[in-house]
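To start, the structure itself, in structure tokens.
The values are calculated or read from the model by the stated rules, or taken from the named source; none is laboratory data. Quick caveat: nothing in here was measured; it's all calculated off a predicted structure. Every residue, glycine among them, receives a Cβ derived from its backbone with ideal geometry; neighbour counts consider all protein chains shown.
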Amino acid sequence: MSKVYFTDFRTKVGISIPEKLKRLMKEAGFETLPLDHKYVVIKMHFGEFGNLTYLRPQYPRAVGEYVKKLGGFPFLSDCNTLYPGFRKNALDHLQCAAMDGFTRDSTGMEILIGDGLKGTDEVDVPVEGAKYCPVAHIGRAIMDADVYISLAHFKGHEEAGFGGALKNTGMGCGSRAGKMDQHSSGKPRVDLDKCRGCHMCAKECGSDAITYPDDGKAHIDLEACKGCGRCIGACPFDAISPLSYLANEILGCKIAEYSKAVVSGRPCFYINIINNVSPNCDCHAENDAAIIPDVGMAASFDPVALDQACLDLCNAAESFRNSQVGDRYAKGAEHTGNLFKDNNPEVDDDSALRHGEEIGLGSRKYELIRIK
Ligand code: SF4
Ligand code: SF4
């Protein structure tokens, strides 16, 4: 059984949240990592420009300070996106990060985009025991680091159900080819009976794959579609879903296999911050209201146990009425006890955890240790 350390956001006068995060990391065994004179990548998501739910720069700053105190050389990293947006190449990505507040001054570290200028600087990493991805394509700067730290914003996700350590690691460290590889099963379809021709989906599609022929309804060109899933979250009428009902399940399995490629054979540590729990990914240039109140911060050496614990903590929280999931409940949707599935019913939020455990990435059984 893996240990997951947790603290909420209550503080006493004089103790900041970043200080509390360092205390959590210490209790979780952070100082046992071999950091002295090692290159340490802190993998996070800088938020698409316009989104306001990504983690503030004070969180990576705290992690970086702690790494430096223990003799390590930290840097911040993320890989480019599959879809056109503000993070599709290193120049735009760095500009977006700066506009979202991530600079050398604010974080105390350099930022290296993991897969380089155009998303092609990658390492092909064999994945032992893989069912879907025997070779994973991972951003080179991330693979070059001696120690890997995942610093993830835990929130909802329109394809994976939730985003945490596994999503931040598996999908987030994939180069553009790696992201294509993971998304390739997830091309969507439109339910024409539900579609109202509002054009919201085409605005989200960076691949010009959605058109509106004579019937005025959305039609997806599956040749042009990259399977990024953004249109699924964009449709206010739930008219778009994966073409294959297995697509989201396979996506989760691939995320687990890519995570294994990133973390195997080197020291790793994982932190999830459960605040601003938006219904969808920080990849959106907007964010809907949080679906539950802020929960806290959790850390572990086991990414599967960490995500499972955070999932359970979120499931135990009371959802907000004025939110995406609240709207679904108001329309009569059942409270299943699975918050993220209630939030995005088409998702499979179990497969990454299940497959992660199957391939030896970690354990779903955990002991939750609460820190004041
Ligand atoms: S049609 Fe949807 S899934 Fe396909 S590329 Fe466009 S936004 Fe992404
Ligand atoms: S967002 Fe949904 S309802 Fe609007 S055009 Fe696209 S599929 Fe149709």
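Out of all the residues in segment 30-82, which are of a type in the set (S, T, N, Q) and over 23 Å from Gly139 (Cβ atoms)?
Correct list: Thr32, Thr53, Gln58.
Only residues that are within 18 Å of Lys254 (Cβ to Cβ) and surrounded by fewer than 20 Cβ atoms within 10 Å (Cβ to Cβ) were counted in segment 322-354, giving 3.
Yes or no: segment 314-328 includes at least one residue that is modelled with pLDDT of 95 or more and within 15 Å of the chain's Cα centre (by Cα). Within segment 314-328, not a single residue is modelled with pLDDT of 95 or more and within 15 Å of the chain's Cα centre (by Cα). Of the residues making up segment 350-363, those that are over 18 Å from the mean Cα position of the chain (by Cα), in a loop (DSSP other than H, G, I, E, B), of a type outside the set (S, T, N, Q) and more than 13 Å from Ala261 (Cβ to Cβ) number 0.
From the list Ala177, Ala141, Ala160, the lone residue that is within 10 Å of the chain's Cα centre (by Cα) and aliphatic (A, V, I, L, M) is Ala160. Residues being over 21 Å from Ala136 (Cα atoms), out of contact with any Cys (no Cβ under 8 Å at 6 or more places or on another chain) and either part of a loop (DSSP other than H, G, I, E, B) or within 16 Å of ligand 1 (Cβ to nearest atom) (or both) are entirely absent from segment 257-265. For segment 287-305, the criterion of being within 17 Å of His157 (Cβ to Cβ), assigned to a helix (DSSP H, G or I) and not acidic (Asp, Glu) is met by at least one residue.
Of the residues Lys68, Lys26, Lys22, Lys43, the single one that is over 22 Å from Ala290 (Cα atoms), buried (at least 19 other Cβ atoms within 10 Å of the Cβ) and basic (Lys, Arg) is Lys43.
If the condition is being modelled with pLDDT under 90 and either in a loop (DSSP other than H, G, I, E, B) or over 21 Å from Leu82 (Cα atoms) (or both), then segment 176-208 contributes Ser184, Ser185, Gly186, Lys187, Cys205, Gly206, Ser207. The residue that is nearest to ligand 2 (Cβ to nearest atom), among those in segment 161-203 that are free of Cβ contacts under 8 Å to residues at least 60 places away in the same chain and of a type in the set (Asp, Glu), is Asp191.
To keep it simple, each residue is scored yes or no on (1) assigned to a helix (DSSP H, G or I); (2) buried (at least 22 other Cβ atoms within 10 Å of the Cβ); (3) in the same structural domain as Gly356 (by TED's automatic domain parsing).
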{"residue": "Asp36", "(1), (2), (3)": "no, no, yes"}
{"residue": "Arg56", "(1), (2), (3)": "no, no, yes"}
{"residue": "Arg61", "(1), (2), (3)": "yes, no, yes"}
{"residue": "Phe86", "(1), (2), (3)": "no, no, yes"}
{"residue": "His93", "(1), (2), (3)": "yes, yes, yes"}
{"residue": "Asp105", "(1), (2), (3)": "yes, no, yes"}
{"residue": "Met109", "(1), (2), (3)": "no, yes, yes"}
{"residue": "Cys133", "(1), (2), (3)": "no, yes, yes"}
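Return yes when Pro303 is under 18 Å from Arg364 (Cβ atoms) and at pLDDT 95 or above and no when it is not. Please lay out each step first, then the result.
Numbers: under 18 Å from Arg364 (Cβ atoms): yes; at pLDDT 95 or above: yes.
Judged against the criteria, Pro303 is a match.
Inspect segment 210-230 for any residue being more than 14 Å from ligand 2 (Cβ to nearest atom), under 30 Å from Asp8 (Cβ atoms), in a loop (DSSP other than H, G, I, E, B) and not aromatic (Phe, Trp, Tyr) and give the result as yes or no. No, that holds for no residue. Scanning segment 209-232 for residues that are near ligand 1 (Cβ under 9 Å from one of its atoms) and small (Gly, Ala, Ser), which turns out modelled with the lowest pLDDT? Of everything passing the filter in segment 209-232, Gly229 is modelled with the lowest pLDDT.
Residues of segment 244-264 that are crowded, with 24+ Cβ neighbours inside 10 Å and among the acidic types (Asp, Glu): Glu257 alone.
Yes/no per residue for (1) basic (Lys, Arg); (2) surrounded by 15 or more Cβ atoms within 10 Å (Cβ to Cβ); (3) outside the structural domain of Ala285 (by TED's automatic domain parsing); (4) more than 29 Å from Ala152 (Cα to Cα):
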site	(1), (2), (3), (4)
Gly164	no, yes, no, no
Gly197	no, no, yes, yes
Asp208	no, no, yes, yes
Arg230	yes, yes, yes, no
Asp238	no, no, yes, no
Arg266	yes, no, no, no
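Quick one: is Ile255 under 24 Å from Asp115 (Cβ atoms), more than 9 Å from ligand 2 (Cβ to nearest atom), in contact with a Leu (Cβ under 6 Å, 6 or more places away or on another chain) and not charged (D, E, K, R)? Answer is yes for this residue.
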